[in-house]
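Student: Just passing along the structure, written as structure tokens.
The values are calculated or read from the model by the stated rules, or taken from the named source; none is laboratory data. The structure presented is a predicted model; accordingly, all values stated were derived computationally and were not measured. Virtual Cβ from ideal backbone geometry, glycine too; neighbours counted across all protein chains shown.
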Amino acid sequence: MPIIEITFNPNLPVSTQIGDVAWYLDSTSGAAIELGTITNIDYELNIIYIDLIPGTTPPDNSDFIFYQSSPIVSIGSLKGYYAEVQFRNDSTTKAELFSIGSEVFESSK
């Protein structure tokens, strides 16, 4: 599939992530058209790179671009940038912590 790039002016939305699905609202027909998956993001230049679905017409400058986040992020698990955990041992005898684990997804950038 061809890769297209879309430059945002002045800024790219900070919550845009690789793996999101890009869409645009056609200014002439009013139809929402799926472009494809965002494969790369250049936050300094405000550019997203999209793996264009074959047969899809790229958007014009007057079309509204939006994206849909991956549903994987919305399924269970911790989300966010920061987590704090505190463990307490109220026992008066020696105790040992064997293992700790978590599954974390960054909710946005």
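Student: Determine if the stretch 87-103 includes at least one residue that is surrounded by 14 or more Cβ atoms within 10 Å (Cβ to Cβ), assigned to a loop (DSSP other than H, G, I, E, B) and at pLDDT 85 or above.
Tutor: No, every residue in the stretch 87-103 fails to be surrounded by 14 or more Cβ atoms within 10 Å (Cβ to Cβ), assigned to a loop (DSSP other than H, G, I, E, B) and at pLDDT 85 or above.
Student: So, one more: Starting from residues that are among the polar types (S, T, N, Q), part of a loop (DSSP other than H, G, I, E, B) and more than 14 Å from the chain's Cα centre (by Cα), keep the ones in the stretch 6-21 and report whichever is farthest from Gln68 (Cα to Cα).
Tutor: Asn9
Student: Moving on to the next point. Among the residues of the stretch 25-34, are any touching a Leu at 6+ places or on another chain (Cβ under 7 Å) and under 14 Å from Pro58 (Cβ atoms)?
Tutor: no
Student: Related question: Between residues in the stretch 30-54 that are of a type in the set (Asp, Glu) and residues that are part of a strand (DSSP E or B), which pairs lie under 7 Å by C-beta distance while being six or more apart or on different chains?
Tutor: Qualifying pairs under 7 Å: Glu34/Val21; Glu34/Trp23; Asp51/Ile3; Asp51/Gly36; Asp51/Thr37; Asp51/Thr39.
Student: Any chance you could count how many residues in the stretch 1-15 are touching a Phe, Trp or Tyr at 6+ places or on another chain (Cβ under 6 Å) and of a type in the set (Val, Ile, Thr)?
Tutor: 1
Student: Further question: Where in the stretch 22-71 are there strands (runs of 3 or more DSSP E), lying wholly inside it, with at least 1 residues that are farther than 23 Å from Pro10 by Cβ and more than 16 Å from the chain's Cα centre (by Cα)?
Tutor: So the answer is 32-42, 47-52.
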